[in-house]
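Before any comments, here is the structure.
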């Protein structure tokens with residue numbers, strides 16, 4: 001198997017203590033490193049950046065210095081892996097704010113010959129996996145709620161900027177997970193890391 005450059009993006013907004021998202025990311029990283037892939041990790045909760053408040057700033061403003069390395073890491077990666085808990089049915093606001101900042105014109109899109117700001121997708125050729133933990137059973141989220149927020153991330157953000165394919169891992173009933181079930185998930189993430197999927 002060809003070695004890949006993998007960026008793990010930890011989207012859990014609480015960096016004060018370890019959570020299941022952190023353990024899953026560690027297992028993925030261990031598997032990827034064992035298989036010879038190059039791995040970088042980015043923890044959104046440790047970054048200091050403002051929220052965007054206007055389209056004008058998004059299109060023409062300057063990227064915060066604190067996020068320059070994040071863009072460099074995303075540019076470097078061939079495969080992106082996002083980890084986050086489902087909060088109020090969606091990704092945490094901090095992760096959404098991060099994506100709004102880094103996915104700017106000139107990086108996530110470039111102008112085409114006609115001048116269309118969204119003319120060319122800037123991250124074409126990259127793949128991704130989205131790993132989401134949640135309190136409800138994953139089957140309920142997937143079938144009753146149609147995994148709406150994950151689908152929105154996959155289509156309206158990642159797909160819009162050229163990332164494809166995007167796969168998902170939904171980890172349900174995280175709040176009362178038994179140790180043996182947690183261990184199965186950790187082993188699964190380690191395998192996904194080895195396979196760079």
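What follows draws every value from the coordinates through simple rules; no lab data is involved. On a predicted model such as this, the values are computed, not experimentally measured, just so you know. Using ideal geometry, Cβ is built from the backbone for each residue, glycine included, and neighbour counts are taken over all protein chains shown.
Taking R0 as 25 Å, what's the FRET efficiency between residue 195 and residue 17 from their Cβ-Cβ distance, rounded to 0.05? Walk me through the numbers before you get to the answer.
On the way: r = 30 Å, r/R0 = 1.19.
FRET efficiency, residue 195 to residue 17: 0.25.
Equivalent ellipsoid of region 92-197: semi-axes from √(5λ) of the C-alpha gyration tensor, largest first, are 32, 16, 11 Å. Potential lengthening of the chain between residue 63 and residue 178 amounts to 37.2 nm, from the contour at 0.36 nm per residue minus the alpha-carbon distance. Maximal additional length on extending the residue 120-residue 188 stretch stands at 20.9 nm, based on 0.36 nm per residue less the C-alpha distance. Calculated mean residue ellipticity at 222 nm for the chain: -9500 deg cm²/dmol, from DSSP H runs with n ≥ 4 weighted as -39500 (n - 2.57), summed, divided by the residue count and rounded to 500. A viscosity of 1.002 mPa s and a temperature of 20 °C, combined with the Kirkwood radius over Cα pairs in Stokes-Einstein, give a translational diffusion coefficient for region 1-72 of 150 µm²/s. Who wins for biggest fluctuation among 95, 42, 51 in a Gaussian network model of the chain, springs between alpha carbons below 10 Å? Judging by the Gaussian network model, the answer is 51. Considering only 155, 146, 129, the mean-square fluctuation computed in a Gaussian network model of the chain, springs between alpha carbons under 10 angstrom, is largest for 146. For the chain, the normalised intensity computed at q = 0.17 Å⁻¹ comes to -1.19 (log10 of I(q)/I(0), Debye sum over alpha carbons, equal scatterers, no solvent). Computed from Cα positions, the angle between helix 93-102 and the longest principal axis of the chain comes to roughly 40 degrees.
Remark: the residue 75-residue 45 segment gains 8.8 nm on full extension, using 0.36 nm per residue and subtracting the alpha carbon distance.
So how do 183, 177 line up by other beta-carbon neighbours within 10 Å, fewest first?
Sorted ascending by nearby Cβ count, the order is 183, 177.
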